[in-house]
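Worksheet: the structure to be examined is printed underneath.
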Amino acid sequence: VPFFPPDLFAADRRVLLGLLRRIALAPEQRFILGEHTRELELRLRRLYGAEDVVACGSGTSALTLILTALGVRAGDEVVVPALGCAPLAACVANLGAVPVFADVDPYTLVADPGQVERRITSRTAAIVPAHLFSVMADMPRFADLARRYGVRLLEDSAVAQGAVLDGRPAGLWGEAGLFSFVQVKSFGMPGEGGVVVTRDPELGRLVRMLRNHGQDGERRFVHHLVGHNSRFDEIQAAFQCHRLAGLDARLRRRATVAEYYTAQLAPLAEYGVRTPPPGREGRCHYVYTLLAERRDELAAHLRERGVGSHVYYPNALPRQPAFAPYAAPGDRWPHAERAARTMLSLPLHPQLTDRQVAHVAAAVRSFALS
C-alpha cells in the first residue's frame with residue numbers, strides 16, 4: 001500500500017493531454033494568466049465565498065505575496081507555530097522579518113492561541129496560525145487575539161481544502177488565507193500552484209499586482225510595485241477547472257478512509273498509539289497522522305508488511321538548522337518537539353481500496369497489540 005499514489009492523475013491523463021494540445025495550438029499562445037486562470041479564480045471565489053481569489057505560482061509564494069501586500073518588512077516579528085512546513089518561517093525570514101515560534105497544543109498539534117499570545121510584542125506585525133494534517137486551528141480565538149493586539153491575522157490553510165469552522169471556510173478567517181495545489185494535496189495538480197483567498201478586495205488587488213512584477217494588468221511594463229514572478233500556468237488552470245467537478249467526491253472518500261482508521265485504531269491509545277483528535281464540522285482529511293511512542297519501530301513494522309508511511313515533520317521548526325538563529329537561548333517548544341519525535345502518517349488518498357485500507361489498519365493493530 002503506497003503512501004503516495006503511484007499514478008495520481010491516471011484517470012485524468014486523457015483530459016490533461018487534450019488541454020495541453022488545445023492550449024499549445026491556440027492562435028494566441030497564452031500559457032500564463034489567461035482565460036483559464038480567470039475562470040479558475042471565478043469558480044473558486046464562488047466555492048469559497050471569497051471577495052477575491054488570486055492564483056499564483058505556489059502555496060509558498062502565496063504566503064510571501066500576502067505578507068508583502070500587508071506591508072510586513074525587515075525587523076517586524078511574525079508569530080508562527082513551531083510545528084509545520086518550513087515555508088511558514090522561510091517566507092517571513094526572506095522578507096527580512098523575524099519568525100517567532102510559538103508552541104502548539106499538545107492534543108490537536110496546531111497553533112495554541114495561549115502560546116501565541118505569550119509571543120506577541122510591540123514589534124509583532126502578524127500572527128499566522130496554520131491548519132495541520134486534518135485539524136483547523138482555533139480561528140475564533142485567533143481573530144480575537146488579532147483584534148485585541150492590533151496585529152494582522154493570516155491563515156496558512158494550505159492543506160485545509162474543504163474544511164469549515166463555525167460555518168466559515170478555512171482561509172477566510174483572517175485578512176487572507178492560502179491553499180496549495182501541489183500534487184499530493186486534496187486539490188492537487190501535476191505541478192506547482194496555489195491561490196490567495198481574501199474577503200478584502202483591496203488586498204486582492206495588491207496581491208494580483210505583486211504576483212506579476214507589480215503590473216496592474218492594464219498596461220504591460222508599467223510597474224506600480226516591486227513585485228514577484230508568481231504567475232499561474234494556463235494548462236494547470238484548465239486542468240483544475242476540470243478537477244473541481246470531482247473535488248467533493250475525493251474529499252468524501254478521504255473522510256471515509258479516515259473514519260475507518262479512527263474506528264479501528266482509537267482503542268490503541270492505551271498501547272501507545274494515538275489517533276488524531278475528533279474533528280468538528282467540515283473537516284479536511286489531508287493526511288492521517290498517528291502519535292506513536294515507538295514511531296520508528298512502527299514504521300519498520302508497516303514497511304515489512306508492504307505499507308508506506310511518512311513523517312511530517314522530523315524536527316520542530318526552530319530545531320531546523322535554517323531557523324536555529326531565530327531561537328533564543330533556552331527557548332523550548334516541548335509539545336512541538338515531542339510531536340516531531342512521535343508523528344507518523346498513514347496512507348490516505350482517494351485511490352485506496354477498501355481492502356488496502358483494512359490492511360493498513362490491521363498492520364498498525366498487529367504492532368500495537370504485539
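Just the residues that are out of contact with any helix residue (DSSP H, G or I) (no Cβ under 8 Å at 6 or more places or on another chain), part of a loop (DSSP other than H, G, I, E, B) and either crowded, with 20+ Cβ neighbours inside 10 Å or not charged (D, E, K, R) (or both), please, taken from segment 187-203.
Gly188
hydroxyl-bearing (Ser, Thr, Tyr), in contact (Cβ under 8 Å) with a residue 40 or more places away in the chain and more than 27 Å from Thr289 (Cα to Cα), is that true of Thr121?
Here the answer is yes, as Thr121 does meet what is asked.
For the condition in contact (Cβ under 8 Å) with a residue 60 or more places away in the chain, closer than 17 Å to Phe323 by Cα and open to solvent by 10 Å² or more (accessible area, probe 1.4 Å), what is the one hit in Val98, Val135, Val72, Val128?
Step by step, each of Val98, Val135, Val72, Val128 is checked, and only Val98 is in contact (Cβ under 8 Å) with a residue 60 or more places away in the chain, closer than 17 Å to Phe323 by Cα and open to solvent by 10 Å² or more (accessible area, probe 1.4 Å).
Of (1) open to solvent by less than 20 Å² (accessible area, probe 1.4 Å); (2) over 23 Å from Tyr312 (Cβ atoms); (3) part of a loop (DSSP other than H, G, I, E, B), Thr121 satisfies all except one. Which?
(1)
Out of His310, His335, His349, report the one residue that is more than 21 Å from Ala82 (Cα to Cα) and not assigned by the TED database to the domain that holds His131.
His349
Within segment 214-263, how many residues turn out to be open to solvent by less than 30 Å² (accessible area, probe 1.4 Å) and assigned to a loop (DSSP other than H, G, I, E, B)?
Looking only at that region, the number is 4.
On the basis of being modelled with pLDDT under 95 and assigned by the TED database to the domain that holds Ala90, does Gly71 make the cut?
no
Could you pull out every one of the helices (runs of 4 or more DSSP H) wholly within segment 274-370 that has 2 or more residues that are out of contact with any strand residue (DSSP E or B) (no Cβ under 6 Å at 6 or more places or on another chain) and buried (at least 20 other Cβ atoms within 10 Å of the Cβ)?
Filter on segment 274-370 gives 334-342, 354-368.
Show the residue pairs that are 6+ apart or on different chains and have beta-carbon atoms under 7 Å apart, the first residue being within segment 344-370 and within 13 Å of Tyr288 (Cβ to Cβ), the second being of a type in the set (Gly, Ala, Ser).
From segment 344-370, the pairs are Leu344/Ala292; Leu344/Ala299; Leu344/Ser309; Ser345/Ser309; Leu346/Ser309; Pro347/Gly308; Leu348/Ala258.
Given the criteria of a type in the set (Gly, Ala, Ser) and touching a Gly at 6+ places or on another chain (Cβ under 7 Å), does Ala340 qualify?
no
State which residue is farthest from Gly171 (Cα to Cα) when the search covers only segment 233-288 and only residues that are hydroxyl-bearing (Ser, Thr, Tyr) and touching a Leu at 6+ places or on another chain (Cβ under 8 Å).
Tyr271
Count, please, the residues in segment 182-212 that happen to be of a type outside the set (Lys, Arg) and modelled with pLDDT of 95 or more.
Of the residues in that region, 16 qualify.
Do we find that Phe142 is under 16 Å from Leu109 (Cα atoms) and either at pLDDT 95 or above or in a helix (DSSP H, G or I) (or both) in this structure?
Yes, satisfied.
Filter segment 255-286 down to residues that are basic (Lys, Arg) and at pLDDT below 95 and give me whichever is farthest from Met343 (Cα to Cα).
Arg280
Kindly evaluate Thr37 against the criterion of being of a type in the set (Ser, Thr, Tyr) and in contact with a strand residue (DSSP E or B) (Cβ under 9 Å, 6 or more places away or on another chain).
When the stated conditions are applied, Thr37 passes them.
Taking Leu298 and the conditions (1) closer than 23 Å to Ala160 by Cα; (2) touching a residue at least 24 places away in the same chain (Cβ under 8 Å), which numbered condition does it fall short on, given that it satisfies the others?
Among (1) closer than 23 Å to Ala160 by Cα; (2) touching a residue at least 24 places away in the same chain (Cβ under 8 Å), the lone unmet condition for Leu298 is (1).
Can you find even one residue in segment 81-88 that is open to solvent by 40 Å² or more (accessible area, probe 1.4 Å), modelled with pLDDT of 95 or more and farther than 30 Å from Val364 by Cβ?
No, there is no match, as no residue in segment 81-88 is open to solvent by 40 Å² or more (accessible area, probe 1.4 Å), modelled with pLDDT of 95 or more and farther than 30 Å from Val364 by Cβ.
Please go through (1) within 30 Å of Val257 (Cα to Cα); (2) in contact with a helix residue (DSSP H, G or I) (Cβ under 7 Å, 6 or more places away or on another chain); (3) of a type outside the set (A, V, I, L, M, F, W, C) for Asp7 and return the number of the only condition it doesn't satisfy.
(2)
Of all residues in segment 173-186, which are under 24 Å from Ala238 (Cβ atoms), surrounded by fewer than 19 Cβ atoms within 10 Å (Cβ to Cβ) and either among the hydroxyl-bearing types (Ser, Thr, Tyr) or in contact with a Leu (Cβ under 9 Å, 6 or more places away or on another chain) (or both)?
Passing the criteria: Gln183, Val184.
The values are calculated or read from the model by the stated rules, or taken from the named source; none is laboratory data. Quantities reported herein were computed from a predicted structural model and do not represent experimental measurements. Quick reminder, even Gly has a Cβ in these numbers, built from the backbone with ideal geometry, and neighbours come from all protein chains shown. Ligands, DNA and RNA are stripped out before the accessible areas are found, and what is left, the full protein with its side chains, is counted by its heavy atoms. Shrake-Rupley method; radii C 1.70, N 1.55, O 1.52, S 1.80 Å.
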